[in-house]
Every structure is written in structure tokens, then in C-alpha cells.
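> Handing you this structure, nothing more for now.
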Amino acid sequence: MKVLVAEDDLTSRTILGAILAKWGYEVVCAVDGQQAMDILSQPDGPKLALLDWSMPVLSGIDVCRILRKDQANDSIYIIMLTAKSEKKYIVEGLNAGANDYIVKPYDNEELQARINVGKRMVEIQSELEKAKHSLIYEAMHDSLTGLYNRKAILEMLAKELSRVQRNGNILHIGMCDLDHFKLINDRYGHQTGDEILQGFARIMDSNLRDYDFIGRYGGEEFLIILPSSEININKMTCFTRLHRVIADTKIGTRSGDLTVTVSIGVTKADGKKGIDEILSEADNALYRAKNTRNAICYAEQCDAQ
Ligand code: GH3
Ligand code: MG
Ligand code: MG
Ligand code: MG
């Protein structure tokens, strides 16, 4: 684990650095408070810091205060290591956001024990962060296809709508429904059906751009959002291409290579439309596409096809 030693005195810095290295830490040194700030602000900077109090440019206590102003730095474990031994300084250091306070001259054994506490805290914090991220990921993604789930894709739609309200662009929204999907389940079994859904998601995902969105809206229904400043016709072509690529691509399953077709209802939206209105327009267009299946229909105001 990386540890920052911020200490202006060369001798103290060298001795402390050598001790920490002996204990197995990867030591990074700073000779003043500003350098300490710069190092700790790097994305992969140390999460454990030993700060001297009196240093040029910025003192250790200044570094502590500045770091604690930004919540992103909460996970940095700060130990003040200073000759200032009076109680008022200890209180000030801890109030400034230090996690621990050690008075110089320090006892090696005690220092090691306290640094180990810091290391444990940093490790626990990092595990918590990872767990939080995976919970957020799971809350937003469909476990079968890996696409956004219904809640997340609707949130994306809301976000994109407020963006087009600001920039005057438009969105194209496509509601997709696999054709005769029940037949696939009935004929090949539910697991093959699942593999088709996964294959469909893969094909769509790889045919969309980074700034497009697709989510699983329901069982075999998917919502696509194409943000754009381009003219309509390009977006229409985009849906035509997606529609074709699905029909033309074989999906490998345990029951062999299969193909599916999809029906798509497309509408467009500027910043004035609400989500309910958009979804109902796309749904109505999809309903018309289902008359023939394997088709795209456009809501009335989407004049190009
Ligand atoms: P249509 O062309 O009219 O859309 O016909 P359809 O058979 O696709 O539509 P219907 O609504 O009758 O059936 C949808 C089927 O999708 C029924 C349901 O069991 C299946 N389904 C929904 N979610 C899943 C899933 O996660 N896995 C599998 N294998 N099937 C699913
Ligand atoms: Mg000093
Ligand atoms: Mg359906
Ligand atoms: Mg269907």
C-alpha cells in the first residue's frame, strides 16, 4: 500500500521513509504541504498520509483542512505526525479532519500499530466503495442481458430530455419488441429464449454508438434512445439498419443458430414532450408495426421513413 510522507526535514523524512519501506509500504515523499496536496489529489495517489504540521507553502493542518472540504477525499486516512504535543494542537488537528495524531519523537512500535490501523481502515473503505459501485451497477442493469434495466433507461430518457430542453436538439426513441418470441420459448425452451435475448442485446449494443442508449424495458421489449443534432433522415436510417441487422444476424444458442425479427415503433422528441407522451407515441407506432411484424413504424410527426 502507498503511504505519503509529507515532511520538510530531510533527516526525519529519510528515516521515516526507510522504516515504512521496511514495514512493506510503498513510500511517496513530499517536502512541503503543496506537494502533499498534489500527490494526494492524483487519482491513484496514496490513501494513507503522514503529515508533519510545520511545513513550507502549506502546513500539514492546512492540507488536512483543504482535503476535508472535498467529500471525494474522505477516504484518505490522515495521520498528523508532529512535535506539537500540547492538547490544544491535538484537538485542533483532529478537528481539522485528521484521523489520528502522533507526537514526535514517536515510538516505532506504536507508530507501526497506528499505521496498520490506518491501512485496515483504507482497505475497509475500498471494499465498501467496490460494494457500493457493484450495488449501483446491479440496481441499474438487467442481469440477463447486461443492458440498462427499465428504471435506468427511463432515467436516461429523463436526463436526455432535460439536455435537449437546454440545447434544442432532438431525440429519437424506438420501442422494440421481438416477434413471436413466445414461439421460440415454446419450441426451443426458455433457456434458448434467454440466449436469444442475450444475443439480441449484444447485436444491438455493438451497433449503437457510445452516446446512444438501450435498455430492457420489459420481457422481450427494449427501448432505444438516439440523441442527435442531425437531421431526421439519419436517425430513421439508423433504425432501419438496426432492424435489418437483427433479421440478418444468426444468434448462437444451445438449440443451434437461430434468427429473430423485431418490430420497432419510433417517435422523436424535443424538450417539450413528456416521458408518458413519448412512450405512448412509440407504443402506438409499435402497435402498428405489429400488424405485419418484422417492421418499423413511425409516429405521425416522424415524416421521413
Ligand atoms: P409478438 O410478436 O406479438 O410480440 O409475440 P410474442 O410471442 O413475442 O409476444 P408475447 O407477449 O405473447 O410473448 C412474450 C414472451 O416473452 C412471453 C414470455 O414468456 C417471454 N419472455 C419474457 N421475458 C422472458 C425472459 O426473460 N426469458 C425468456 N426466455 N422469455 C421471456
Ligand atoms: Mg516540519
Ligand atoms: Mg411484448
Ligand atoms: Mg413480442
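The values are calculated or read from the model by the stated rules, or taken from the named source; none is laboratory data. Everything quoted here is computed from the prediction, not taken from an experiment. A quick note on method: Cβ atoms are made from the backbone with ideal geometry, for glycine too, and the neighbour counts reach across all protein chains shown.
> In the stretch 209-218, how many are of a type outside the set (Lys, Arg) and either out of contact with any helix residue (DSSP H, G or I) (no Cβ under 8 Å at 6 or more places or on another chain) or modelled with pLDDT under 95 (or both)?
Adding up the residues that qualify gives 3.
> Looking at (1) at pLDDT 95 or above; (2) closer than 21 Å to Leu40 by Cβ, which one does Ala131 not meet, given that it meets all the others?
That leaves (2) as the condition not met.
> For Ser162, all conditions in the list (1) touching a Leu at 6+ places or on another chain (Cβ under 9 Å); (2) in contact (Cβ under 8 Å) with a residue 60 or more places away in the chain hold save one; what is the number of the exception?
Result: Ser162 passes all but (1).
> If His172 meets every condition in (1) within 18 Å of Val260 (Cβ to Cβ); (2) outside any helix (DSSP H, G or I); (3) in the same structural domain as Arg216 (by TED's automatic domain parsing) apart from one, which number is that one?
Among (1) within 18 Å of Val260 (Cβ to Cβ); (2) outside any helix (DSSP H, G or I); (3) in the same structural domain as Arg216 (by TED's automatic domain parsing), the lone unmet condition for His172 is (1).
> Same structure, new question: Cβ-Cβ below 7 Å, separation at least six or inter-chain, first residue in the stretch 257-275 and outside the structural domain of Arg244 (by TED's automatic domain parsing) and more than 10 Å from Met175 (Cβ to Cβ), second surrounded by fewer than 24 Cβ atoms within 10 Å (Cβ to Cβ) and among the small types (Gly, Ala, Ser): which pairs?
Partner pairs satisfying both residue conditions: none exist.
> Follow-up. Out of curiosity, is Lys2 under 18 Å from Lys119 (Cα atoms), in contact with a strand residue (DSSP E or B) (Cβ under 8 Å, 6 or more places away or on another chain) and either surrounded by fewer than 23 Cβ atoms within 10 Å (Cβ to Cβ) or free of Cβ contacts under 8 Å to residues at least 60 places away in the same chain (or both)?
Answer is yes for this residue.
> For Arg202, which of the numbered conditions (1) assigned to a helix (DSSP H, G or I); (2) at pLDDT below 95; (3) surrounded by 14 or more Cβ atoms within 10 Å (Cβ to Cβ) fails to hold?
(2)
> Right, something else. State the number of residues belonging to the stretch 249-294 that are surrounded by fewer than 19 Cβ atoms within 10 Å (Cβ to Cβ) and either under 19 Å from Asp194 (Cα atoms) or among the small types (Gly, Ala, Ser) (or both).
Selection size over the stretch 249-294: 13.
> Now a separate question. Kindly indicate whether Ala152 is at pLDDT 95 or above, in contact with a His (Cβ under 8 Å, 6 or more places away or on another chain) and either assigned to a helix (DSSP H, G or I) or not acidic (Asp, Glu) (or both).
Answer is yes for this residue.
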